[in-house]
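**Q** Following this message is one structure expressed as structure tokens.
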Amino acid sequence: MISPTMQNALNEQINLEQASAQLYLAMSAHCEGKSFKGFAHWLRLQAAEETTHAMKLIDFLLDRGGRLELKTIPAPPTEFGGIIQVFEQTLAHEKGITAKINALFERARNEKDYASEITLQWYVSEQVEEEASVGQIVDHLHAIGDQGGAIWHLDSQMGKRGKA
Ligand code: FEO
């Protein structure tokens, strides 16, 4: 049986993953509005991935006999600025999520909740991957700037995510 404190912490993380999905969906629509279909596609897939992160935690919580307490998902902004700003905000968001995952992992370790620790290990690794991939996009965007032909080439590359 999961501890009440771990149950609360997992419910909070589930809410954060759902809020991430909502945020990336809003960013995707923002990019779509600027005709950047590739960036929009990438963010739409990212939103779907965040939902799977939430589901995986929900399954784990329920398997441990915990109680799912879904919370309100805050409305994301509708305006994010230029493409560089969109991905800078994505990177900042992911860094915030990494801090939350690390705190959750530490809680599991302090509580000697080995099952949670093992499950959260996957999230620790996933955050390394997410920060690396978004960091690379931000670097590319800084290198090319968000005007001119190169941005459309990058947009087309981003549109290939999940289609290889
Ligand atoms: Fe589920 Fe992007 O962290």
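The values are calculated or read from the model by the stated rules, or taken from the named source; none is laboratory data. For clarity, every value in this text was computed on a predicted model and none was experimentally measured. Cβ placement follows ideal geometry from the backbone for every residue including glycine, while neighbour counts extend to all protein chains displayed. Heads up: the accessible areas ignore ligands, DNA and RNA and are worked out on the full protein's heavy atoms, side chains in. Shrake-Rupley method; radii C 1.70, N 1.55, O 1.52, S 1.80 Å.
**Q** Regarding residue 72, is this residue among the β-branched types (Val, Ile, Thr), assigned to a helix (DSSP H, G or I) and within 28 Å of residue 28 (Cα to Cα)? Write out each step before concluding.
**A** Details: among the β-branched types (Val, Ile, Thr): yes; assigned to a helix (DSSP H, G or I): no; within 28 Å of residue 28 (Cα to Cα): yes.
In short, no.
**Q** Sticking with this structure for a sec: Of the residues in region 76-86, how many are more than 17 Å from the chain's Cα centre (by Cα) and either open to solvent by less than 40 Å² (accessible area, probe 1.4 Å) or under 16 Å from residue 137 (Cβ atoms) (or both)? Please lay out each step first, then the result.
**A** First pass over region 76-86, keeping only residues more than 17 Å from the chain's Cα centre (by Cα): 78-79, 81-84.
This time we only want the ones that are either open to solvent by less than 40 Å² (accessible area, probe 1.4 Å) or under 16 Å from residue 137 (Cβ atoms) (or both), so: 81-84.
Summing the residues that are more than 17 Å from the chain's Cα centre (by Cα) and either open to solvent by less than 40 Å² (accessible area, probe 1.4 Å) or under 16 Å from residue 137 (Cβ atoms) (or both) in region 76-86 gives 4.
**Q** Anything in region 30-45 that is farther than 12 Å from residue 83 by Cα, free of Cβ contacts under 8 Å to residues at least 40 places away in the same chain and not basic (Lys, Arg)? List them, or say none.
**A** none
**Q** Being open to solvent by 60 Å² or more (accessible area, probe 1.4 Å) and of a type in the set (Phe, Trp, Tyr) is the filter; apply it to region 87-128 and report the residue that is nearest to residue 17 (Cα to Cα).
**A** 122
**Q** Would you check if residue 60 is hydrophobic (A, V, I, L, M, F, W, C), over 18 Å from the mean Cα position of the chain (by Cα) and under 22 Å from residue 142 (Cα atoms)?
**A** On the way: hydrophobic (A, V, I, L, M, F, W, C): yes; over 18 Å from the mean Cα position of the chain (by Cα): yes; under 22 Å from residue 142 (Cα atoms): no.
It is false that residue 60 is hydrophobic (A, V, I, L, M, F, W, C), over 18 Å from the mean Cα position of the chain (by Cα) and under 22 Å from residue 142 (Cα atoms).
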